[in-house]
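Take a look at the structure below.
The values are calculated or read from the model by the stated rules, or taken from the named source; none is laboratory data. The structure presented is a predicted model; accordingly, all values stated were derived computationally and were not measured. Backbone-built Cβ (ideal geometry, glycine too); neighbour counts: all protein chains shown. Heavy atoms of the whole protein, side chains included, go into the accessibility calculation; ligands, DNA and RNA do not. Shrake-Rupley method; radii C 1.70, N 1.55, O 1.52, S 1.80 Å.
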Amino acid sequence: MGSVSLKIGDGTARFKRATLCSSAVNILMLFSVITTNLFALYAFTFSPKQHLDNPFHHPHRNISLISQHVSLIIKEIDSSQRKLAQMEKELLGYDTLDLSRPNLATELKLFLQHHQLPLGKDSRTGITEMVASVGHSCEKSADLLSQYMSYKVSGPCPDDWSLGQKLILKGCEPLPRRRCFAKTVPKPGLTSLPVSLWKPVSDKIVTWSGLGCKNFNCLNSKKLSRDCVGCFNLTNGYETQKYVKARSKNDFVMDDVLALGSGGIRIGFDIGGGSGTFAARMAERNVTVITNTLNVDAPHSEFIAARGLFPLFLSLDHRFPVYDNVFDLVHATSGLDVEGKPEKLEFLMFDLDRILRAGGLFWLDNFYCSDDEKKRALTRLIERFGYKKLKWVVGEKTDAAGSGKPQVYLSAVLQKPVRI
């Protein structure tokens, strides 16, 4: 990461096309080493023909000649390093954000500037300046980013949450901070826990801008995802029975899963939690759960917060902003199925493994297997982690949308081993 430029930090995106990049870089480095050595050999062994009989006849000229060759060597090294850096940028798919380009928002330029520490180098961290934290992929959406950063300072922010989410889905994450006041929505009628967990949420206390539906009745009539069909209906329907009553062998009852926990289950992380029902059921059992979600086609975050639960507005491409080995339980549904190359799912799984403590539970809940190959690939990936299989069920059930076609789902409860 950088200040006036968006350099790669420790994000996983740096490893895009890793094999191709590594091969090209190795070849270029080998070429540079060979060229440099040839220049050095030439510089220190070559002697002009006219000085063969008396090599010390013009010592100053010889020294000058050697200096020139050393200079050429240094220039060749610098040139090779520049070529190497440019090749790396092209292969990895990132570049710096050119702040000199026209029509770039002034606020964006200001945010990305270096900010020197007033007392110089910090003795504890070793840093000398504060730098902005902005995703490197923002370069690919510079026009949208500039639009996002165009506002009146100390005034109301534009009603553009959907623009921010669009940038996040394009890999521009984290977004830059802004110096404007976010739009506020009055939220009358909120109640305290535990009543808030199952009290219907009013249409008037959430933001509907940028969404096709403008009320929860509309949302409940749609299939938003495999895990969210009528999931905003808290008065009747399956949402009120979820995790306490099984409809198929793939549906695990929450109390049964909690009984498998080693050392107790206190805090958990839910991926793609829909309307927050998993976190609500856990809250009834004194377990705190953070729900990772975006507002794709519905105001998921506001709905979850209205229930008195914790929504985390974050895409699955982002490294989870928590320390290692902190969660007792990680719960994931078909939302775990990220698109793209297999390596993308691997990066996600390794990050989930990182935040789950040893002895903690990984609950894979009704993961949709579109074909046998996907099921085998996921099984092989899970086996690489060495988890203990406490529950493992592969079964068919009818599509929740009512098509009547049976589909294959995988449900499992796995326990993370202690690794030394």
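Quick notes on this one:
So that you can scan it fast, the table gives a plain yes or no per residue for (1) surrounded by 19 or more Cβ atoms within 10 Å (Cβ to Cβ); (2) touching a Leu at 6+ places or on another chain (Cβ under 8 Å); (3) modelled with pLDDT of 90 or more:
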{"site": "Phe362", "(1), (2), (3)": "yes, yes, yes"}
{"site": "Arg380", "(1), (2), (3)": "no, no, yes"}
{"site": "Asp399", "(1), (2), (3)": "no, no, no"}
{"site": "Pro406", "(1), (2), (3)": "no, no, no"}
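- Residue check for Glu373: part of a loop (DSSP other than H, G, I, E, B) and either of a type in the set (Ser, Thr, Tyr) or surrounded by fewer than 13 Cβ atoms within 10 Å (Cβ to Cβ) (or both): no
- The number of residues in region 115-140 being open to solvent by less than 50 Å² (accessible area, probe 1.4 Å), of a type outside the set (A, V, I, L, M) and part of a loop (DSSP other than H, G, I, E, B) comes to 4.
- Residue in region 378-385 that is over 27 Å from Ile267 (Cα atoms), part of a helix (DSSP H, G or I) and in the same structural domain as Phe278 (by the TED database) present: yes
- The number of residues in region 313-335 being surrounded by fewer than 19 Cβ atoms within 10 Å (Cβ to Cβ) and either in a loop (DSSP other than H, G, I, E, B) or among the aliphatic types (A, V, I, L, M) (or both) comes to 10.
- Test for Val393: is it surrounded by 13 or more Cβ atoms within 10 Å (Cβ to Cβ), of a type outside the set (Phe, Trp, Tyr) and either modelled with pLDDT of 95 or more or not assigned by the TED database to the domain that holds Phe252 (or both): no
- Asn233 being touching a residue at least 40 places away in the same chain (Cβ under 8 Å), open to solvent by less than 50 Å² (accessible area, probe 1.4 Å) and either at negative phi or among the acidic types (Asp, Glu) (or both): no
- Sole exception among (1) surrounded by 13 or more Cβ atoms within 10 Å (Cβ to Cβ); (2) under 22 Å from the mean Cα position of the chain (by Cα) for Asp143, by number: (1)
- For region 203-230, the tally of residues that are in a loop (DSSP other than H, G, I, E, B) and either among the hydrophobic types (A, V, I, L, M, F, W, C) or buried (at least 17 other Cβ atoms within 10 Å of the Cβ) (or both) stands at 7.
- Condition met for Ile420 (surrounded by fewer than 13 Cβ atoms within 10 Å (Cβ to Cβ), at pLDDT below 95 and among the aliphatic types (A, V, I, L, M)): yes
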